[in-house]
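The values are calculated or read from the model by the stated rules, or taken from the named source; none is laboratory data. Everything numeric in this text was worked out from a predicted model, so none of it was measured. Ideal geometry is used to build each Cβ from the backbone, glycine not excepted, and the neighbour counts take in all protein chains shown.
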Amino acid sequence: MSADLPGHTAQLLHQCQGLILDIGPGTGEVLSRFDASKITAIYGAEPTADLHEGLRKNAEKTGLGQKYHVLRCGGEPESLYPALHKAGVLNPEAAAATFDEICCIRVLCGVPEPAKTIRGLYALLKPGGRLVVCEHVVNPWKTEGRFVARALQWVYSVMGWPFFMGGCELQRDTEDYLRRGGVWKRVSLGYVEPETTIPFIVGELIKTDDY
Ligand SMILES: C[S@@+](CC[C@H](N)C(=O)[O-])C[C@H]1O[C@@H](n2cnc3c(N)ncnc32)[C@H](O)[C@@H]1O
């Protein structure tokens with residue numbers, strides 16, 4: 001992964017403030033995009049322990065050192081919630097809505113149960129909180145995409161893309177999962193390079209104030 005991000009993802013990350021949950025940060029190549037001065041604390045849910053050393057180093061390098069907390073867990077509730085309880089962020093007796101912002105950058109393509117994972121993340125957002133998203137998705141060939149690119153996604157998948165790419169799904173309709181994942185006050189998502197085999201959706205979803 002690189003710090004180069006599709007569309008306006010870098011601006012969205014630069015705006016992040018308060019208590020942040022970062023799902024699947026890897027070695028933290030994108031941590032330089034956050035503005036450390038706006039952030040109270042970030043919890044990074046990264047299941048691959050081999051990446052933690054690099055993640056901590058990048059957190060130090062970008063001025064997030066003391067504020068960045070590495071959790072060894074996935075984004076799915078049965079893994080994430082206990083890790084957050086153990087870290088003292090979630091009180092099992094209280095409502096889960098804790099985070100000001102949650103970032104999903106190039107990760108939802110590979111989580112095993114996207115609908116359940118997104119519902120679990122939604123519950124962790126404070127009312128009015130923001131989910132920042134940058135994810136590659138199924139090609140939108142019926143609207144702004146291309147049929148050839150959509151067909152290639154199918155071919156690559158049949159040839160074993162998820163197997164060779166650690167569970168990554170090329171044909172996942174992540175926007176649909178996100179829209180159905182909760183009640184949103186505002187959804188602002190747009191395609192980046194929709195004509196390609198790896199089109200991205202980039203943007204933000206703001207949770208309703210009523211939950
Ligand atoms: C493609 S990398 C993206 C890393 C980083 N977000 C970036 O954009 O540079 C995907 C990351 O998600 C992590 N991951 C895999 N399965 C996950 C899961 N179920 N929950 C959270 N993270 C997961 C991987 O270990 C990897 O670090």
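State yes or no: is Ala10 more than 14 Å from the ligand (Cβ to nearest atom) and either assigned to a helix (DSSP H, G or I) or of a type in the set (A, V, I, L, M, F, W, C) (or both)? Even if it seems obvious, please write down each step before you answer.
Details: more than 14 Å from the ligand (Cβ to nearest atom): no; either assigned to a helix (DSSP H, G or I) or of a type in the set (A, V, I, L, M, F, W, C) (or both): yes.
No, not satisfied.
For a quick check of your reading of the model, give me the residue pairs whose first member lies in the stretch 185-196 and is of a type in the set (A, V, I, L, M), whose second is assigned to a loop (DSSP other than H, G, I, E, B), with beta-carbon atoms closer than 7 Å and at least 6 apart or on different chains.
Every condition considered, the pairs that remain are Val192/Pro6; Val192/Gly7; Val192/Pro199.
Could you check, for the stretch 16-25, whether at least one of its residues is more than 9 Å from the ligand (Cβ to nearest atom) and of a type in the set (Asp, Glu)? Break it down into steps so the answer makes sense when it comes.
We begin by selecting, within the stretch 16-25, every residue more than 9 Å from the ligand (Cβ to nearest atom); these are 16-21.
From what is left, the residues that are of a type in the set (Asp, Glu) are none.
No, that holds for no residue.
Under 30 Å from Val138 (Cβ atoms) and of a type in the set (Lys, Arg): is that true of Arg33 in this structure?
Values: under 30 Å from Val138 (Cβ atoms): yes; of a type in the set (Lys, Arg): yes.
In short, yes.
Quick one: in the stretch 118-153, of everything that is farther than 16 Å from Ile201 by Cα and either assigned to a loop (DSSP other than H, G, I, E, B) or more than 24 Å from the chain's Cα centre (by Cα) (or both), which residue is farthest from the ligand (Cβ to nearest atom)?
Only one residue fits best here, namely Phe147.
Mind listing whichever residues of the stretch 58-83 are closer than 13 Å to Leu31 by Cβ, assigned to a helix (DSSP H, G or I) and touching a residue at least 24 places away in the same chain (Cβ under 8 Å)?
Selection gives Asn58, Ala59, Lys61, Lys67.
Scan the stretch 93-101 and tell me whether some residue there is among the charged types (D, E, K, R), at pLDDT 95 or above, under 18 Å from the mean Cα position of the chain (by Cα) and closer than 20 Å to Cys168 by Cβ. So that I can check it myself, show each step before the final result.
Looking only at the stretch 93-101, we keep the residues that are among the charged types (D, E, K, R), and these are 93, 100-101.
Those left that are additionally at pLDDT 95 or above: 100-101.
Filter once more, so that each one left must be under 18 Å from the mean Cα position of the chain (by Cα): 100-101.
The next check asks that each one be closer than 20 Å to Cys168 by Cβ; those that pass are none.
The answer is no, given that none of the residues of the stretch 93-101 is among the charged types (D, E, K, R), at pLDDT 95 or above, under 18 Å from the mean Cα position of the chain (by Cα) and closer than 20 Å to Cys168 by Cβ.
Among the acidic types (Asp, Glu), crowded, with 17+ Cβ neighbours inside 10 Å and either at pLDDT below 95 or outside any loop (DSSP other than H, G, I, E, B) (or both), is that true of Glu175?
Numbers: among the acidic types (Asp, Glu): yes; crowded, with 17+ Cβ neighbours inside 10 Å: yes; either at pLDDT below 95 or outside any loop (DSSP other than H, G, I, E, B) (or both): yes.
The answer is yes for Glu175.
Can you tell me which residue is nearest to Gln17 (Cα to Cα) among those in the stretch 74-105 that are of a type outside the set (A, V, I, L, M) and buried (at least 21 other Cβ atoms within 10 Å of the Cβ)?
Step one: filter the stretch 74-105 for residues of a type outside the set (A, V, I, L, M), giving 74-79, 81-82, 85-86, 88, 91-93, 98-101, 103-104.
Adding the requirement that they be buried (at least 21 other Cβ atoms within 10 Å of the Cβ) leaves 74-75, 99, 101, 103-104.
On the way: Gly74: 23, Gly75: 20, Phe99: 10, Glu101: 7, Cys103: 11, Cys104: 15 Å.
Among those that are of a type outside the set (A, V, I, L, M) and buried (at least 21 other Cβ atoms within 10 Å of the Cβ), it is Glu101.
Residues being buried (at least 21 other Cβ atoms within 10 Å of the Cβ), within 11 Å of the ligand (Cβ to nearest atom) and not β-branched (Val, Ile, Thr): count how many of those fall in the stretch 28-54. Talk me through it step by step, then tell me what you get.
Going residue by residue through the stretch 28-54, those that are buried (at least 21 other Cβ atoms within 10 Å of the Cβ) are 28, 30-31, 34, 42-46.
So of that shortlist, the ones also within 11 Å of the ligand (Cβ to nearest atom) come out as 28, 30-31, 44-46.
Still in the list and also not β-branched (Val, Ile, Thr): 28, 31, 44-46.
Count: 5.
Cβ-Cβ below 9 Å, separation at least six or inter-chain, first residue in the stretch 136-154 and buried (at least 18 other Cβ atoms within 10 Å of the Cβ), second assigned to a loop (DSSP other than H, G, I, E, B) and among the small types (Gly, Ala, Ser): which pairs?
Once the first residue is buried (at least 18 other Cβ atoms within 10 Å of the Cβ) and sits in the stretch 136-154, its partners that are assigned to a loop (DSSP other than H, G, I, E, B) and among the small types (Gly, Ala, Ser) give Val138/Gly145; Asn139/Gly145.
Every residue in the stretch 63-83 that is away from the ligand (no atom under 13 Å from the Cβ) and not charged (D, E, K, R), please.
First, pick out the residues of the stretch 63-83 that are away from the ligand (no atom under 13 Å from the Cβ): 63-69, 82.
Of everything in the stretch 63-83, those that are away from the ligand (no atom under 13 Å from the Cβ) and not charged (D, E, K, R) turn out to be Gly63, Leu64, Gly65, Gln66, Tyr68, His69, Pro82.
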